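The values are calculated or read from the model by the stated rules, or taken from the named source; none is laboratory data. From a predicted model like this one, the values you see are computed outputs, not experimental measurements. As a convention, Cβ positions derive from the backbone with ideal geometry for all residues, glycine included, and neighbour counts pool all protein chains shown. To get the accessible areas, we keep the full protein, side chains included, count just its heavy atoms, and leave off ligands, DNA and RNA. Shrake-Rupley method; radii C 1.70, N 1.55, O 1.52, S 1.80 Å.
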Amino acid sequence: MITLTTKLCTLSRGELLHLNNSLLKVCEKIMGKKKEIKVRTTTRGTKYFGKYMPDTRTIFMYRNVCDTVGKYVETFIHEYRHAKQKGIGKHYQTMTLLHGYWNNPYEVDARKAQKELRPEVWKEVKKLYKQKYNVHVLGSVVKG
């Protein structure tokens, strides 16, 4: 059984891979497909939850920082949104210098997407998880 409060460290490698694949599939369906986005999950040291690298079109997810499935889902949506943003590779640093990280228009948009889209994305991911593992999946809302 998986919920948004499930500790990420309790997922097997296969479950985490399925979660990534499901998130990618659902985000493509909801936000539109982006050519060849790769997803890498790592524990290599960072303070970030996730990061999108436009030059390699790779979303990096840091499972040691995203401690719950809920945070992981939100972060994935956030980083996928970055992958869909036009001009992010060229203009992200300039926007950060002009507006600061929190007011960078790319970040404002990505935070908005993660908040608004999480319920819809999680609903679809739960369906895929249930189909794959034939189990009951709980939780639609995480407090915090």
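Just a few scattered comments:
- Fraction of accessible area attributable to carbon and sulfur, the range 2-121 (%, probe 1.4 Å): 52
- The range 2-47 - convex hull of the alpha-carbon atoms, volume per residue in Å³: 119
- Straight-line cross-link reach from residue 7 at under 17 Å between alpha-carbon atoms covers these lysines, not counting any fewer than eight positions away in the same chain: 71, 126, 143.
- Solvent-accessible heavy-atom area per residue, rounded to whole Å², over the chain at 1.4 Å: 61
- For residue 20, net neighbour charge (Lys/Arg +1, Asp/Glu -1) across residues whose Cβ lies under 13 Å away: +3
- Rh by Kirkwood over Cα pairs, then Stokes-Einstein D for the chain at 0.692 mPa s and 37 °C, µm²/s: 212
- Distribution of pairwise C-alpha distances over the range 52-122, 10 Å bins, in %: 21, 49, 28, 2
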